[in-house]
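Working notes, structure below.
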Amino acid sequence: MTNTRSPGAAARGGWIRRYHTPRGDAPALVCFPHAGGSASAYFALSAALSEGAEVLVVQYPGRQDRLEEPALTDLRELAEGAVTALAPWRGRPLTLFGHSMGSVVAYEVARRLERGPGPAPAGLVVSGNTAPSVERDQGVHRLDDEELMAWMSDLAGTPPAVLADKELLATIVPSLRGDFTALETYRHPKGSSVRCPISGYVGDHDPYVPHDGFLRWAEHTTAEFTVQVFDGGHFYIEEQVQEVARSILRDVSAFASRRPARDLPA
C-alpha cells in the first residue's frame, strides 16, 4: 500500500506539531520536550526559530490533545514512536534538539535515524541533562502524587495555584510519572554512540546537571562535541528564548557545513 501521508497532514495531529511556517526552504529542526512537558512548551522558541528553521515539535502521548492516550513508560518506545512519526521528513537530514529528558529521547532518535533509511541526522543539540550513560534513578517516579508534584515544583517553580488544583493535578501526574519512569529506568546501550556532532547547552546555575556528567556527552559521538553555557537554572531556555534560538540556528548552520559529501544532493 502506498504511503500518501504528507508533512502537512502529519503536523495536524499525533506526534508532530508545527506551530509556525518557516520562510523559504529552511532546514528542519525537531524538538523534544522535558519530562512532564508538552509540545506547547516550545511555542515561543518555535516562533523565534521560524526565521531560519522548520520547527517540528514532538507531542508525547498522555498530555494536552493526547490526554486520552496512556503515557509511555519506556524511553525506547518514545523514541520509536517519534521516528515513525518523522517518516514524512526523512528525505532530508534533521537536526534534533532536546531539553532535560528530551535530550535522551533525541539521542535515541538520532541513533535510530542513523541506521536508515534516509539521510543521517545533521546534528544533535542536547540541553539541561547529563549524558545518556549516566544513570539517573533518583526514585522520582516512585514518589506518591503529592511528593511528585512537590518535587516538580522545586524543579520548575510550579505556581501554588496549580498544586492546589486537584482536578488539574489528576491530568498532569500520570504523564509526569510516566516520563520519569521512562527516564529513570532507561539504560544506555553499552558502547553505542552517534556519528553526528553534538552541541551541549547547560545553565550555569542548574543544580540538577553535574558538570562531570554533562561533559560525558562527548563520549557519545564520534564527531565533535561543543559546549555552550547560559545564564540561569534548569529551565534557562524559558528565560532566554532569543539567545537560545540564535545559538540553535548557529548550530544548525554549522552542522549543515559539516555534512559528508555522500549526504549532499547530487
Quiz prompt | Flag for Ala122 being open to solvent by 10 Å² or more (accessible area, probe 1.4 Å) and either in contact with a strand residue (DSSP E or B) (Cβ under 6 Å, 6 or more places away or on another chain) or β-branched (Val, Ile, Thr) (or both) | solution = yes
Practice problem: Being under 10 Å from Gly128 (Cα atoms) and among the aromatic types (Phe, Trp, Tyr) is the filter; apply it to segment 199-223 and report the residue that is most open to solvent (accessible area, probe 1.4 Å). | Solution: Tyr208
Quiz item: Within segment 45-75, how many residues are open to solvent by less than 40 Å² (accessible area, probe 1.4 Å) and more than 27 Å from His188 (Cα to Cα)?
Solution: 10
Quiz item: Pairs under 6 Å by beta carbon, first residue at positive phi in segment 48-70, partner of a type in the set (Gly, Ala, Ser) and open to solvent by 10 Å² or more (accessible area, probe 1.4 Å), six or more apart or different chains?
Solution: Gly62/Ala71; Gln64/Ser38
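What number of residues within segment 33-44 satisfy the criterion of being surrounded by fewer than 24 Cβ atoms within 10 Å (Cβ to Cβ) and of a type outside the set (Gly, Ala, Ser)?
Step one: list which residues in segment 33-44 are surrounded by fewer than 24 Cβ atoms within 10 Å (Cβ to Cβ), which gives 33, 37-38, 40-41, 43-44.
So of that shortlist, the ones also of a type outside the set (Gly, Ala, Ser) come out as 33, 43.
Within segment 33-44, residues that are surrounded by fewer than 24 Cβ atoms within 10 Å (Cβ to Cβ) and of a type outside the set (Gly, Ala, Ser) number 2.
Given the criteria of a type in the set (Val, Ile, Thr), modelled with pLDDT under 70 and open to solvent by less than 60 Å² (accessible area, probe 1.4 Å), does Val173 qualify?
Working: of a type in the set (Val, Ile, Thr): yes; modelled with pLDDT under 70: no; open to solvent by less than 60 Å² (accessible area, probe 1.4 Å): yes.
The answer is no for Val173.
Can you name the residue in segment 189-198 that is modelled with pLDDT of 95 or more and not aliphatic (A, V, I, L, M) and is also surrounded by the fewest Cβ atoms within 10 Å (Cβ to Cβ) among such residues? Show your work before the answer.
Quick first cut of segment 189-198, residues modelled with pLDDT of 95 or more only: 193-198.
Narrowing further to those that are not aliphatic (A, V, I, L, M): 193, 195-197.
On the way: Ser193: 20, Arg195: 13, Cys196: 25, Pro197: 21.
My answer is Arg195.
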Practice problem: Please specify each residue of segment 85-108 satisfying the condition of being open to solvent by 10 Å² or more (accessible area, probe 1.4 Å) and either under 11 Å from the mean Cα position of the chain (by Cα) or among the small types (Gly, Ala, Ser) (or both). | Solution: Ala87, Gly91, Ser100
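The values are calculated or read from the model by the stated rules, or taken from the named source; none is laboratory data. These numbers come from a predicted model, not from an experiment. Virtual Cβ from ideal backbone geometry, glycine too; neighbours counted across all protein chains shown. We work out accessible area using only protein heavy atoms, side chains counted, and drop any ligands, DNA or RNA first. Shrake-Rupley method; radii C 1.70, N 1.55, O 1.52, S 1.80 Å.
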